[in-house]
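Right, one structure below, let's go through it.
The values are calculated or read from the model by the stated rules, or taken from the named source; none is laboratory data. All values derive from a computational prediction rather than experimental measurement. Glycine also receives a Cβ, built like all others from the backbone with ideal geometry; neighbour counts cover every protein chain displayed.
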């Protein structure tokens, strides 16, 4: 249950990246934003101390699958940034969904926590990598006050 508290921030970030990563293909942005919303729902429907929450399970499934599949939908035709090529996007999707499959296989296994963290971590890092490698270098990372030119 405690792990669910930390999902709100990443869910909002993923939803934001999905709506703001304009370099990625529109279908990919929609899938990424949907994964972000599903991640927020995972946090909203935490697992009980005992038993299972069907809503948590449904939201987690949608989140994991969406966040694993979005690179395939975000792929662009050349010329495009390297991480958005069909090859890179397909490779990312295979790796991300492979980690999800490992987690699913470990649901009742001894490496459940490791598999879940590996899948979730990779799914959080791939959008960051895409944003960092596709952002316009002319855009400044610092904020200017209203008085600056």
On the basis of being touching a helix residue (DSSP H, G or I) at 6+ places or on another chain (Cβ under 6 Å), under 15 Å from residue 28 (Cβ atoms) and in a helix (DSSP H, G or I), does residue 73 make the cut? yes
Does residue 124 fit the bill of being within 22 Å of residue 23 (Cα to Cα), at pLDDT below 95 and in contact with a helix residue (DSSP H, G or I) (Cβ under 6 Å, 6 or more places away or on another chain)? yes
Return yes or no: is residue 79 modelled with pLDDT under 95, out of contact with any strand residue (DSSP E or B) (no Cβ under 7 Å at 6 or more places or on another chain) and in a helix (DSSP H, G or I)? no
In the set 104, 63, which member is in a helix (DSSP H, G or I), modelled with pLDDT of 95 or more and buried (at least 17 other Cβ atoms within 10 Å of the Cβ)? 63
Only one residue in 93, 85 is within 21 Å of residue 24 (Cβ to Cβ), out of contact with any strand residue (DSSP E or B) (no Cβ under 6 Å at 6 or more places or on another chain), surrounded by 14 or more Cβ atoms within 10 Å (Cβ to Cβ) and modelled with pLDDT under 95, so which one is that? 85
